[in-house]
Structure formats: structure tokens, C-alpha cells
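The values are calculated or read from the model by the stated rules, or taken from the named source; none is laboratory data. Predicted model only: the values in this text are computed from it and were never measured. Note that we place each Cβ from the backbone using ideal geometry, even for glycine, and neighbour counts take in every protein chain shown. Surface accessibility is based on the protein's heavy atoms, side chains included, excluding ligands, DNA and RNA. Shrake-Rupley method; radii C 1.70, N 1.55, O 1.52, S 1.80 Å.
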Amino acid sequence: PNGVAVRDGAPYVAEIDRILRYDNIEAALPNLPQPVVINDSYPSDGAHGWKFIAFGPDGRLYVPVGAPCDTCATEGTPYGKITSRAADGSDMQVFADGLRNTVGFDWHPVTGDLWFTDNGPDGLGDDQPPDELNRATGAGQHFGFPYCHGGTVPDPAFGSQRPCSEFTAPAQPLGPHVAALGLRFYTGDQFPEEYRNQIFIAEHGSWARTEPLGYRLMLVRLEGDTAVSYEPFAEGWLGADGDVWGRPVDVLVLPDGSLLVSDDQAGAIYRIWYDAAVG
């Protein structure tokens, strides 16, 4: 089990190849109710098979399906997409295409546009391609995989088939190989106003890079629909000597406005809060 979303008192739990729903779970505790299988037709590939899931403003359940490879053809296959379904599991639709591995997304609190991370492939050097922060303004957009990475880097094997100009470019290129995962808009009232409706991104950290990069929580500032900066918000999980203390995975805004950050290396969840008396 990986992704979790809640609707009408029932958590929906994503496994690699299926989605389960646990009806009326809090009334059943400490015993778990038998799960209802919403859908079990997703690919079973372990590579990029883990799924972050969430319900959108339209009430549909959004489920990504990563490419089962570093770089490979995904046209006409179930892979490399963000899909959506009705809450009962029916009516599967492809919302976005041309994605390698998306494990975090959120909707802009004002515009309703879907913003999401995507991880670039390995093997093209230490400094390219960048990971991506993408913005989908509606269904049907293609974001380049496997033909183009980061909006500007043609793939050595597939790039000659379709040019980068055919695809929706990233809203913000991220660091190369930083493994950008969880993403949230800040919608709380605890942090100063300058953080309202800005984007936090958990970077899990590189493994295919000579000098490690990532292992931090980043802030992308927006002006309207345009990303204007990409800067560290919380770091220290990567030591100066290259030792890794933790690997951030996801972020979540609590009702009190503080921020949770999960770390799957330390097995911890951290809480970040703002104290106005300290500043």
C-alpha cells in the first residue's frame, strides 16, 4: 500500500495494481472492515508502480501510472499517464500523457489547475535532464516523455520522432535527478501571507549523480500562473560530507496551518510550524 485518499468517511488505498476502499472505517476500529476493490486492472510492474492518489475538485479519483523503465515507448499503453476515475472506480479516463514517473500532485486553490512533479530519466549526465514541475490547464495535454525531457532535452533514442516544441513545457525545471515527489499548495493561515498558495515540493534525493542533490524541501513561488523562483525551504538531510540523514517523500498541510514532511529513510514524520513571536 502506498497512496491514500479519503472521501465520505472511507479511505481509498492504492497498491501497485489496484485501488481498495474501506467503508465507514472509523466506526469499525479497532477492526478493519473488508475492503472493496475499486479497480484491479493497473499494471503490476514494480518499477515506478507506486501511486500517490487524490480526489480532484471534480470529485474524481486521480491515479498516476509510471513508465516501467528508464526510457521506453508508452504511446498506446497504460503507462506514463495520470488517469482519473469516478469514485466507484468506473469511467477511467486519461487526464495527462507523456509522463515518466509522477508521485505528487495538487490543485491550485484558486484556478483549479493541476500541478504535479515528474522525474526525469537517468543516464544523460549529472546535470541533465531536470526533474519537472508541470501545470495541466485541462485534460489531454502531453508533457513529452519519452521524446523530450525537461522541455528542452531530446531523448537520444526517441527525440528524433517528435520535437520538444510539440509538448507542454514544464512550469518550472527542478534540479537534475533530485527525485521530486510530494507536492502541496500551502493553504493554511499559520505561515506568513507570502506563503499562501505557494508550492512545497519534497525532493527524495539523487542516486544516479556523482554529487548528491536533493534531500530537501523546496519552495516554488508563483506570481499568478507563473513560477518565479525555486528555492530551499528546509534542508540538512544531506550532510556536507555526502552522508544522507533522511529522504523527504511527501508534504501535507495540517488544519492548524503547520506542515508535515515524511521521511522514508529515517522512518519519521516531521512537523514544521511558524511561531510569530520568534519570526
Given the conditions (1) touching a strand residue (DSSP E or B) at 6+ places or on another chain (Cβ under 8 Å); (2) open to solvent by 80 Å² or more (accessible area, probe 1.4 Å); (3) touching a residue at least 12 places away in the same chain (Cβ under 8 Å), which single one is not true for Glu211? (1)
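Do we have Val37 as under 20 Å from Gly182 (Cβ atoms) and part of a strand (DSSP E or B) here?
So Val37 fails the test.
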One residue is enough: does the range 64-83 have a residue meeting the conditions over 21 Å from Asn2 (Cα atoms) and in contact with a Ser or Thr (Cβ under 9 Å, 6 or more places away or on another chain)? no
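Please verify whether Ala240 is small (Gly, Ala, Ser), surrounded by fewer than 16 Cβ atoms within 10 Å (Cβ to Cβ), over 22 Å from Gln190 (Cβ atoms) and modelled with pLDDT under 95, treating the condition exactly as stated. Please lay out each step first, then the result.
Numbers: small (Gly, Ala, Ser): yes; surrounded by fewer than 16 Cβ atoms within 10 Å (Cβ to Cβ): yes; over 22 Å from Gln190 (Cβ atoms): yes; modelled with pLDDT under 95: yes.
Yes: the conditions hold for Ala240.
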Residue, least open to solvent (accessible area, probe 1.4 Å), within the range 245-258, restricted to residues that are in contact with a Leu (Cβ under 7 Å, 6 or more places away or on another chain) and closer than 21 Å to Arg196 by Cα: Val251
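Run down Asp106, Asp70, Asp58, Asp45 and say which single residue is closer than 30 Å to Glu223 by Cβ and surrounded by 14 or more Cβ atoms within 10 Å (Cβ to Cβ). Give the derivation first.
Values: Asp70 fails: closer than 30 Å to Glu223 by Cβ; Asp58 fails: surrounded by 14 or more Cβ atoms within 10 Å (Cβ to Cβ); Asp45 fails: closer than 30 Å to Glu223 by Cβ.
On inspection, the qualifying residue turns out to be Asp106.
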Any chance you could count how many residues in the range 84-140 are assigned to a strand (DSSP E or B) and in contact with a Leu (Cβ under 9 Å, 6 or more places away or on another chain)? 18
Can we say Asp264 is touching a residue at least 12 places away in the same chain (Cβ under 8 Å) and either open to solvent by 80 Å² or more (accessible area, probe 1.4 Å) or among the small types (Gly, Ala, Ser) (or both)? yes
